[in-house]
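The values are calculated or read from the model by the stated rules, or taken from the named source; none is laboratory data. Note that the coordinates shown come from a computational prediction; the quantities given were computed from them, not determined experimentally. Here the Cβ positions follow ideal geometry from the backbone for every residue, glycine too, while neighbour counts run over all protein chains shown. What goes into the accessible areas is simple: the full protein's heavy atoms, side chains included, and nothing from ligands, DNA or RNA. Shrake-Rupley method; radii C 1.70, N 1.55, O 1.52, S 1.80 Å.
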Amino acid sequence: MADTSRVVDGLRAYRMITAMWIRSTMAYRASFFMTTLGNLTATTFDFVAILLMFSRVDELGGYSLPQVAFLYGLSSTAFGLADLALGSMENLGRRVRDGTLDTLLVRPAPVLAQMGADQFGLRRLGRITQGLAVLIYALATVDIDWTPLKLLLMPVILVSGAGIFGAVFIAGAAFQFVAKDASEVQNAFTYGGTTMLQYPPTVFATELVRGVTFVLPLAFVNWLPATYVLGMPIPLGLPEWVAFLPPLVAVGCCALAGMAWRAGLRSYQSTGN
Amino acid sequence: MGSGRLYLAVAVGGFRRYATYRAATLAGVFTNTVFGLILVYTYTALWDEKPHLGGYDLAQAVTYVWVGQSLFKTLANGGGGVESELMERIRTGDIAVDLYRPADLQLWWLAADLGRAGFELLGRGVAPFVFGALVFDLALPTDVTTWAAFLGAVLLAMVVSFGIRYLVALSAFWLLDAKGVAQMVMFTGWFCSGMILPLNVFPGALGEVVRTLPWSALLQAPADVLLGHADPLGTYAFQGMWAVVLLAAGRMAQGAATRRVVLQGG
Amino acid sequence: MDEGFIDVKGVEKVFEVRKKAGFLKRERRQVRAVDSISFRVARGEMVGYIGPNGAGKSTTIKMLTGILTPSGGRLRVAGIDPSRERTRLAHRIGVVFGQRTTLWWDLPLIDSYKLMHRMYRIPDGRYRENLDRLVELLDLSELLDVPVRQLSLGQRMRGDIAAALLHDPEVLYLDEPTIGLDVISKAKVREFLRELNAERGTTVLLTTHDLQDIEQLCSRVMVIDHGRMMYDGPLAGLHEAGESERTLVVDLERELPPIEAPAPARVVRVEGPRQWLAFPASESAAPLVARIAAEYPLVDLSVREPDIEAVIAKMYVEQTEKTANAGNAGNAGKAVS
């Protein structure tokens with residue numbers, strides 16, 4: 001019960017601080033449009049690279065361009081949502097180093113919520129826009145035997161995927177309590193993760209696929225549910241029902257990340273900076 | 001020469017400064033290695049489908065990946081060199097002090113950036129490359145001359161990279177939102193230097209255009225020298241041409257900026 | 001009420017510091033930032049907390065606000081264990097970090113206050129009442145619509161103090177509230193704090209480097225050095241404990257031989273018509289000034305305050321001498337038996 005009220009408190013604080021940052025951003029409207037455009041450009045380039053690849057080949061790992069675009073759109077949109085919501089968590093190391101984390105600790109709101117909302121950047125909508133555009137392109141061109149179940153699964157994939165990536169952002173920030181200068185490690189799992197998921201699972205070594213299925217379950221963001229929707233073989237010969245696990249996996253990841261965050265904050269409170 | 005010694009000291013300072021970020025360096029090595037792994041697998045799928053794409057065989061393509069990851073920070077294709085500090089100084093107006101220093105502004109920052117790039121090459125470049133060489137079959141030259149030629153091309157690439165970023169940084173004198181512009185240029189540079197896909201794989205007219213842009217002097221040029229895919233002297237000439245053009249442009253921009261600062265009284 | 005509003009008993013904080021020792025080796029070393037300190041602050045007291053840099057001041061404040069967990073001892077603020085119930089405590093305390101603003105940089109000042117209003121769930125009526133009062137007392141009415149980045153340091157500090165008080169905290173912690181401010185801003189801030197304490201009974205604990213802050217505001221001062229409480233009592237007592245001296249600078253009409261001042265005051269320096277006299281900081285300057293004015297052709301004079309660092313340094317030396325003597329005495333005793 002106490003936990004529920006903390007979550008409510010957290011969401012409330014998150015909403016209020018986010019609103020402040022949006023107004024801050026709008027104080028420099030031109031700059032906002034430039035950085036949003038920049039964000040869009042950056043993410044567009046890596047899809048252009050995929051287009052270039054397909055200008056030389058017809059298939060990649062047994063997947064056609066619309067199928068790869070489907071994977072790309074799901075991964076990129078889910079990541080974009082998580083990045084929008086919690087992307088600023090990567091600033092934690094800096095706030096620990098310059099001591100400004102302390103100002104968050106004396107406020108009557110959960111630090112996680114305050115930190116997640118810190119420097120909230122609407123410019124990150126650029127990535128979501130691009131991911132959705134690719135997804136729409138994929139849906140328009142790809143061959144899928146649609147069933148009601150598959151249709152229902154689509155929004156679930158996006159939300160669960162955002163949840164899984166969100167957990168990675170939180171866990172990464174928790175790690176920065178311990179290693180405050182190593183924020184870049186996080187990039188390997190966030191940006192690296194989404195890049196990997198943009199390509200078909202058949203491209204990668206089995207050990208790598210196993211790793212992102214059973215150890216760091218990024219495969220649940222899109223590979224496992226998307227192969228089911230596409231009617232492609234499910235990686236590692238897993239049964240079809242794994243396609244419906246993403247919500248559970250997301251909840252599990254968030255719970256673990258939350259524990260890691262608490263442990264990190266506790267260690268900060270006992271060691272200082 | 002006295003001034004030569006000054007710039008050497010500045011370069012050593014740049015090297016030392018970046019050498020203090022030990023944890024960040026380790027983190028970077030890890031991240032570049034992970035990205036290298038991901039790229040290797042996608043390239044393998046691509047080259048399986050179409051062997052000898054862009055004139056590379058698979059081993060050469062995989063080698064290209066590790067050269068790219070190893071030079072990522074050295075060349076600062078995605079930003080992260082001294083230019084952000086320079087832009088900050090322009091924004092705050094501290095740059096006026098620099099302009100009146102007896103040292104040459106452009107050479108000063110070039111030296112600092114070369115020092116930084118030198119550290120990134122040793123601290124962040126060697127480890128991912130060795131990892132790649134141990135885990136995958138790379139197409140590496142066995143003769144010392146090619147390696148030496150490669151290092152020469154890397155050095156020129158550092159200068160070209162600085163030339164681009166110096167111009168971007170100086171744009172802060174005229175643009176209200178130079179950061180946004182810098183970001184756009186960096187992303188463009190990242191793509192046009194072949195960090196995602198080798199430039200010789202780019203099709204048709206697009207390929208021909210990107211291969212003449214200054215960014216192709218950054219990664220593609222040294223990689224091709226290492227892979228025996230390009231003649232070192234021709235490559236040097238291409239890189240040198242861009243280095244001269246960019247540094248000259250930077251000098252002109254610097255002159256205009258100085259007049260502007262003097263007119264505005266700093 | 002026996003238990004203090006702030007109650008600190010044998011609290012300590014030990015940090016583990018890793019130092020470079022060779023290329024890859026790191027040496028671990030324990031540092032006692034706060035070493036078993038105890039004190040009580042009653043409701044409505046105004047206490048100065050001073051000490052050199054790195055003495056343990058900030059660490060203490062961080063433990064009192066729940067930012068850091070103590071390594072040992074017992075600590076209560078308003079009956080709450082800060083590190084266990086940090087967010088509950090947050091509603092009852094106000095914190096001002098002198099060099100780190102909590103205001104929204106790019107937005108008008110009033111926007112930050114509106115956020116505090118909602119974040120602390122301050123009832124509308126009380127918020128408006130508090131805001132009006134703070135705006136008037138801290139002279140903020142012209143500044144409310146100005147983006148924070150355009151405020152001067154002094155204006156921003158006043159803005160930060162108001163932000164920390166909107167929710168009517170029972171205790172206010174101020175970390176270097178006057179650092180970097182000009183004389184007028186300093187005076188405004190002090191004047192406000194005095195009124196806050198007198199009229200609303202807010203308990204105030206402030207750390208500072210500026211002895212005048214303490215002199216003008218606090219009836220009680222605590223001195224910490226090397227993590228230990230060196231002194232806790234009235235300011236006058238601190239001067240006695242540190243045997244500190246103030247300096248009276250006297251400008252005479254012409255060059256004269258050293259002034260014959262009543263002991264313990266004495267001339268310490270003469271330079272043309274200007275003379276410097278040292279006298280105990282615990283004593284008033286008035287009788288001395290009156291006497292000189294009566295006997296000498298006086299043009300101008302000023303009083304210089306003792307340097308707090310010097311006072312503490314002196315106290316520290318005495319303390320270590322005392323413990324060293326005690327140690328010797330113990331040894332002597334042993335030798336006899």
- Within the stretch B:196-235, count every residue that is acidic (D, E), under 16 Å from the mean Cα position of the chain (by Cα) and in a loop (DSSP other than H, G, I, E, B). 0
- Quick one: in the stretch C:120-134, which of the residues that are of a type in the set (K, R) and under 17 Å from C:A164 (Cβ atoms) is most open to solvent (accessible area, probe 1.4 Å)? C:R121
- Does C:P82 satisfy being without any contact (Cβ under 8 Å) to a residue 24 or more places away in the chain and under 27 Å from the mean Cα position of the chain (by Cα)? yes
- Task: For A:T77, state whether it is assigned to a helix (DSSP H, G or I), more than 14 Å from A:T194 (Cα to Cα), among the polar types (S, T, N, Q) and more than 9 Å from chain B (Cβ to nearest Cβ).
- Result: no
- Item | Within the stretch B:34-60, considering residues that are hydroxyl-bearing (S, T, Y) and at the interface with chain A (Cβ under 8 Å from one of its Cβ atoms), the one least open to solvent (accessible area, probe 1.4 Å) | B:T42
- When residues of the stretch A:45-72 are limited to those that are open to solvent by 50 Å² or more (accessible area, probe 1.4 Å) and assigned to a helix (DSSP H, G or I), the one nearest to A:Y191 (Cα to Cα): A:L51
- Message: Against the condition under 25 Å from the mean Cα position of the chain (by Cα), within 30 Å of A:G264 (Cα to Cα) and either within 12 Å of chain A (Cβ to nearest Cβ) or surrounded by fewer than 22 Cβ atoms within 10 Å (Cβ to Cβ) (or both), how does C:S112 come out, does it pass?
- Response: no
- Hits in the stretch A:216-273 - residues which are hydroxyl-bearing (S, T, Y) and under 12 Å from A:I157 (Cβ atoms): A:T227, A:Y228
- Qualifying positions in the stretch A:91-118 - β-branched (V, I, T) and free of Cβ contacts under 8 Å to residues at least 24 places away in the same chain: A:T100, A:T103, A:V106
- If we keep only residues of the stretch A:202-214 that are open to solvent by 20 Å² or more (accessible area, probe 1.4 Å) and hydroxyl-bearing (S, T, Y), then the residue farthest from the other protein chains (Cβ to nearest Cβ) is A:T206
- Task: Look at the stretch B:99-108 and say how many of its residues are at pLDDT 80 or above and more than 18 Å from the chain's Cα centre (by Cα).
- Result: 3
- Message: Can you tell me which residue is nearest to A:N39 (Cα to Cα) among those in the stretch B:195-219 that are among the small types (G, A, S) and within 10 Å of chain A (Cβ to nearest Cβ)?
- Response: B:G207
- Within the stretch A:199-213, work out how many residues are aliphatic (A, V, I, L, M) and more than 13 Å from B:V40 (Cβ to Cβ). 2
- Query: Taking the stretch B:199-219 only, how many residues are among the polar types (S, T, N, Q) and open to solvent by less than 20 Å² (accessible area, probe 1.4 Å)?
  - Reply: 1
- Item | The listed residue being modelled with pLDDT of 95 or more and either small (G, A, S) or surrounded by fewer than 18 Cβ atoms within 10 Å (Cβ to Cβ) (or both), out of A:G38, A:G10, A:G99, A:G80 | A:G80
- Tally, over the stretch B:141-169, of residues that are open to solvent by 30 Å² or more (accessible area, probe 1.4 Å), at pLDDT below 95 and not β-branched (V, I, T): 2
- Task: Working carefully through the options C:T102, C:T59, C:T69, find the one that is closer than 16 Å to A:S270 by Cα, within 10 Å of another protein chain (Cβ to nearest Cβ) and in contact (Cβ under 8 Å) with a residue 24 or more places away in the chain.
- Result: C:T59
- Return only the number of the condition from (1) under 21 Å from B:A76 (Cβ atoms); (2) open to solvent by less than 10 Å² (accessible area, probe 1.4 Å); (3) modelled with pLDDT of 90 or more; (4) within 14 Å of chain A (Cβ to nearest Cβ) that B:P222 does not satisfy. (4)
- When residues of the stretch B:78-97 are filtered for being open to solvent by less than 10 Å² (accessible area, probe 1.4 Å) and within 14 Å of chain A (Cβ to nearest Cβ), how many remain? 0
- Task: Name the residue, out of C:E283, C:E199, C:E271, that is in the same structural domain as C:K62 (by the TED database) and open to solvent by 80 Å² or more (accessible area, probe 1.4 Å).
- Result: C:E199
- Message: Exactly one of these conditions fails for A:G172: (1) more than 13 Å from the chain's Cα centre (by Cα); (2) closer than 30 Å to A:D98 by Cβ. Give me its number.
- Response: (1)
- Item | Count - residues of the stretch C:45-66 that are open to solvent by 30 Å² or more (accessible area, probe 1.4 Å) and either in contact with a Gly (Cβ under 8 Å, 6 or more places away or on another chain) or closer than 17 Å to C:V96 by Cβ (or both) | 2
- Message: Condition check: in contact with a helix residue (DSSP H, G or I) (Cβ under 7 Å, 6 or more places away or on another chain) and of a type in the set (V, I, T). Does C:T203 satisfy that?
- Response: no
- Check whether at least one residue in the stretch A:179-201 is away from chain B (no Cβ under 11 Å) and more than 29 Å from B:Y43 (Cα to Cα), and report yes or no. no
- Note on the structure: Taking the stretch A:244-262 and keeping only residues that are open to solvent by 50 Å² or more (accessible area, probe 1.4 Å), under 15 Å from A:V178 (Cα atoms) and of a type in the set (A, V, I, L, M, F, W, C), one is left with A:M259
- Message: Looking only at the stretch A:20-69, filter to residues that are within 20 Å of A:T227 (Cβ to Cβ) and of a type in the set (S, T, Y); which one of those is nearest to the other protein chains (Cβ to nearest Cβ)?
- Response: A:Y63
- Kindly indicate whether any position in the stretch A:219-229 is farther than 19 Å from A:T190 by Cβ, touching a Phe, Trp or Tyr at 6+ places or on another chain (Cβ under 8 Å), within 14 Å of chain C (Cβ to nearest Cβ) and crowded, with 18+ Cβ neighbours inside 10 Å. no
- Item | In the stretch A:146-172, residue least open to solvent (accessible area, probe 1.4 Å) [restricted to those that are β-branched (V, I, T) and closer than 19 Å to A:V229 by Cα] | A:I157
